[in-house]
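What follows is a single structure, written as structure tokens, with notes after it.
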Amino acid sequence: MMLSENNSTPRSDEELQKNMVAELKPHNAPITLVEYDPSWSDLFEQEANRIRSVLGNKALQIEHVGSTSVPGLCAKPIIDMLLVVKDSADELSYVPALESAGYILRIREPEWFEHRLFKGPDTDINLHVFSSGTSEIDRMLRFRDWLRTNDADRDKYAQVKRNLAKNKWRHVQHYADAKTPIIQKIMERASLNLENGIPEKNLFMMCKALNSNAISELSDEYHVRTCRRDELDIWKEMPFDDVKSAKEYNGFMTEYFNDVYGSKEDLFFQKCLFVCDKNDTPIGTCFAWKAYEKISTIHWFKVRKNYEGSGIGRALLSIVMRSIKENDYPVFLHTQPSSFRAIKLYSDFGFAFLTDPIIGYRKNDLEECLTILKEHMPQKDFEKLQFAEAPEDFLKAVKSSKINQF
């Protein structure tokens, strides 16, 4: 439910009841917290599969959120889940289907992002439903991802939770509201680091051979096609998560297109892929490109933020990587430390960081970026990162032009 802006004054029974579908029942007890249980992720997957089978492509995104999604964090033994639909206010489009599978609508909050909350048919869950594009989706995922990778804030949060849980609470929501100050402080640090604190630095990766175990197939509700000529502006906007940034960088994208693809415009439209939803709306892009006429590279891999975490990126990269002939390997790409989630994906496919200090006319910031990646990536993913020296023919190719072609 919506966080209280003034948690020093608990919300009244009347305030809480107005959003309840059923009668509000007092808790009048401390909160039971238990240590992290690895089986929680299995319970999430079980419920996620059931919801997908019921809603099909109406379930745009399903995520494990809340404390049970963070390894090492104590939690109430209730699985918090995030379900993204086209319009959460349009209950007829999804509520009857969920109810037919045993899910029970418990909370309706029209004034707070049209939030809906369901309880499960058997597993104890809180299924939070929001409309695609709602800012709360990003907040929930950012909070989860930050706690997964930042031990200090995870421990601070756990200590606050334990201290608060000892108190007697009339309603569980009062306990949740009391956590607002620590959540806000953690979110401020997470936002600073993710948006402003991670510098734009150069990282270069190479894949000598595709790891077939990383391959996945695209779900039936999406399809891949090439970018059409009248969609060039859509492609230019794709790398950016907001309209303001897209406008600010439009000149750069136009210049890059002219410099790198302009003389081979027909080939660009043959190569540039869009992954699209059932309405044929592009939601992601990626393609393979022969840079400097010699080396295979991955260009502009991006999935729109609202669709991240749903497996689309892995499936799209699978299509692109399999399209590259075996004798055209190795494959190279350029990335940045802020793309640490994508870096994990690249690593899965067999990409290794290049260790050479200079790549063409660009400095390789690997040494500095490893500290950043260690802070933001889960330890097990960071420890799997591989490293390699660049081949001589690659280093010669990237020196052949001062235009950065990947």
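Being basic (Lys, Arg), at pLDDT 95 or above and either surrounded by fewer than 21 Cβ atoms within 10 Å (Cβ to Cβ) or in contact with a Pro (Cβ under 6 Å, 6 or more places away or on another chain) (or both) holds for only one residue in 341, 322, and it is 322.
Checking each residue of region 124-143 against the condition of being aromatic (Phe, Trp, Tyr), at pLDDT below 95 and part of a loop (DSSP other than H, G, I, E, B) gives no match.
Per-residue answers, yes or no, for (1) assigned by TED's automatic domain parsing to the domain that holds residue 140; (2) modelled with pLDDT of 95 or more; (3) crowded, with 20+ Cβ neighbours inside 10 Å:
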residue: 317; (1), (2), (3): no, yes, yes
residue: 353; (1), (2), (3): no, yes, yes
residue: 378; (1), (2), (3): no, no, no
residue: 392; (1), (2), (3): no, yes, no
residue: 403; (1), (2), (3): no, no, no
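Summed over region 229-240, residues that are loosely packed, with under 14 Cβ neighbours inside 10 Å and in contact with a helix residue (DSSP H, G or I) (Cβ under 7 Å, 6 or more places away or on another chain) total 1. Quick check on region 140-151. Is at least one of its residues over 17 Å from residue 374 (Cα atoms), assigned by TED's automatic domain parsing to the domain that holds residue 61 and hydroxyl-bearing (Ser, Thr, Tyr)? No, region 140-151 contains no residue that is over 17 Å from residue 374 (Cα atoms), assigned by TED's automatic domain parsing to the domain that holds residue 61 and hydroxyl-bearing (Ser, Thr, Tyr).
The values are calculated or read from the model by the stated rules, or taken from the named source; none is laboratory data. As the structure is a computational prediction, the values presented were derived from the model and not from experiment. We place every Cβ from the backbone using ideal geometry, glycine too, and count neighbours over all the protein chains shown.
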